[in-house]
1. Give me the lysines in straight-line cross-link reach of LYS251: C-alpha distance below 17 Å, same-chain residues under 8 apart excluded.
2. Nearest-5 percent of antiparallel DSSP beta bridges in the chain?
3. If the cut-off is 18 Å between C-alpha atoms, which lysines fall inside it for LYS141, apart from same-chain ones fewer than 8 positions away?
4. May I ask for the distance between the Cα centers of the stretch 78-127 and the stretch 249-265, given as a whole number of Å?
5. When the chain is treated as a GNM, springs tying every alpha-carbon pair under 10 Å, which of ILE88, ILE187, ILE48 comes out with the largest mean-square fluctuation?
6. Nearest 20 debye, what's the magnitude of the dipole of the chain about its Cα centre given +1 on Lys and Arg Cβ and -1 on Asp and Glu Cβ?
7. Would you kindly calculate the translational diffusion coefficient of the chain, applying Stokes-Einstein with the Kirkwood radius from alpha carbon pairs, for 37 °C and a viscosity of 0.692 mPa s, and quote it in µm² s⁻¹ without decimals?
8. Leaving out same-chain residues fewer than 8 places away, which aspartates and glutamates sit with a Cα under 18 Å from that of LYS225?
Amino acid sequence: MNPINRAIVEFVKLLPKAVVRKFANRYIAGESLVDGVRVVKELNSKGIIATMDVLGESVTNKDESVQAKKEYLEVLDAIEKHKLKSNISVKPTQMGLNIDREFCYEQIAELAERAKLYNNFVRIDMEDSSTTDDTFYVYRKLKEKYSNVGIVIQAYLKRTMDDIKHPEMKDANYRLCKGIYIEPEEIAYKGKEEIRKNFLRILEYLLDNGNYVGIATHDDFLVNKAYEMIKEKNLGKDKYEFQMLYGVKEKLRDRINSNGDAIRIYVPFGKHWYNYSIRRLQENPTVAWYITKSVFMPNTVSK
């Protein structure tokens, strides 16, 4: 991020939450499960599938983590009750990874068991690099017992190609994204083109090795390159899906949907919306600039 964009995002962090929330609404379904169900129903009516996420990250004690798990169990029950075309996505630190990774495993295993009952699926998010090793450990242990679990990998991390070549990652189900957490240059690619190049290198490896891949990007260049790769390899539509965030590049979302390809939208909701929204602003400083203009130059912002 260039210095000007960084300064704009830092300014937005100083604004009252109510101001940020007005513009963050485009990225979150709302604060309650009812809001999440409503948005997923709307997406499903358009032929779009979803993954539901209860916002929240690292917890400070096991009681908080157990409560977060209960909320996810309620989400799975709601998906089944309303016959939604959606799975769930969970953050390991929310499930207690930084407290005790065995405890985290047990928490997610309970979710996988409930999801299995409903013929559903649990996606394990990848967070910052301090948790990468433990996240892979938990995923590989879950995979020994459950076939309905998948993991996220980040193209900007230099280690990712080695991670997916691990013998225990054979037949894994992946969401491949660029990555958003701020990491040092020693472990992460920083340039747009080198991240794109690694994204495509990883994608080709996974498709060549029979992995199911959620191609998670809003980058038109990568979407077009993915289509070229899929056509060249003559892959069936059951081998991949595209994934995007709620509220981002809906025209691209609709183009993918109109092509008859599966497009899954990540639908976050919950009371812990602020940190998620700030990360979205860091990823897209244009929106942060829009907020800044609305504060200092309200007459220049269209209604």
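The values are calculated or read from the model by the stated rules, or taken from the named source; none is laboratory data. Just so it is clear, the model here is predicted, and its values are computed rather than measured. Positions of Cβ are generated from backbone atoms using ideal geometry, with glycine treated the same way; all protein chains shown enter the neighbour counts. To get the accessible areas, we keep the full protein, side chains included, count just its heavy atoms, and leave off ligands, DNA and RNA. Shrake-Rupley method; radii C 1.70, N 1.55, O 1.52, S 1.80 Å.
1. Excluding near neighbours in sequence, the set is LYS46.
2. 5 percent
3. LYS91, LYS116, LYS165, LYS170
4. 25 Å
5. Highest fluctuation of the listed residues: ILE187.
6. For this selection, approximately 1100 debye.
7. Answer from the Stokes-Einstein relation: 164 µm²/s.
8. GLU193, GLU194, GLU204, ASP208, GLU241, ASP254, ASP261
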